[in-house]
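The values are calculated or read from the model by the stated rules, or taken from the named source; none is laboratory data. Everything numeric in this text was worked out from a predicted model, so none of it was measured. Note that we place each Cβ from the backbone using ideal geometry, even for glycine, and neighbour counts take in every protein chain shown. To get the accessible areas, we keep the full protein, side chains included, count just its heavy atoms, and leave off ligands, DNA and RNA. Shrake-Rupley method; radii C 1.70, N 1.55, O 1.52, S 1.80 Å.
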Amino acid sequence: MKFTFTNKKVELPKAVHAYAEKKFGKLDRYFNTDAEVSIVFSVEKDLNRVEATIRAGSLLIRASECTSDMYASIDAAVSFIERKLRKNKSRLEKRLRQGAFTRTVSPEDVSSFAPESPEDELSIVRTKRFPIKPMSCEEAVLQMNLLGHSFFAFKDETNDGAFAVVYKRASGDYGLIEDDD
């Protein structure tokens, strides 16, 4: 695993980074390829926050934990990610088979959601760019759950790569928004 550490509003000893590397390194057994782990350490109102993002191929997994001790926050984030992986590992293997964690992105699959120009009363505070990959609706729901988001945009491979969005409804079910073209 490749690690990237970021400290926000806090100076941490190298022992904390080594501890995080050791703990998150145990998750390496779940991935076929070398995963990239980005860990952000911060302190907010006497609480130690650890935000971790693991990228392995097209798979993204995030965790954010906050406790009174930085080591406890690291442990909580690792166990949260491990629970997510165990819960979804069998579904990932059944649906994606080989290459579930090793998919790469081609340049033509990369798209942008940047707005063209904001209106006067509209204030865009953050812009994200990410590749939109072709996948099935089931894979999109799985990826949405792994990320902990309430929606997920993708190219529907069953509909000739048309843009689609899956979202979690208030009832706990899932919805699908398809392009009408």
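When the range 52-80 is examined, which residues are found to be under 16 Å from residue 10 (Cα atoms), touching a strand residue (DSSP E or B) at 6+ places or on another chain (Cβ under 7 Å) and touching a residue at least 24 places away in the same chain (Cβ under 8 Å)? Scanning the range 52-80 gives 70, 73, 74.
Considering only the range 104-112, I want to know if a residue exists there that is at pLDDT below 85, open to solvent by 80 Å² or more (accessible area, probe 1.4 Å), in a loop (DSSP other than H, G, I, E, B) and over 18 Å from residue 148 (Cβ atoms). Checking the range 104-112: at least one residue is at pLDDT below 85, open to solvent by 80 Å² or more (accessible area, probe 1.4 Å), in a loop (DSSP other than H, G, I, E, B) and over 18 Å from residue 148 (Cβ atoms).
Filter the range 142-169 for residues that are within 22 Å of residue 65 (Cα to Cα) and outside any helix (DSSP H, G or I); which is most open to solvent (accessible area, probe 1.4 Å)?
151
Here the range 1-51 is the region considered, the condition is being out of contact with any strand residue (DSSP E or B) (no Cβ under 6 Å at 6 or more places or on another chain), acidic (Asp, Glu) and not in a helix (DSSP H, G or I), and the residue that is most open to solvent (accessible area, probe 1.4 Å) is 11.
Across the range 113-151, the number of residues qualifying as at pLDDT 85 or above, among the charged types (D, E, K, R) and more than 15 Å from the chain's Cα centre (by Cα) comes to 2.
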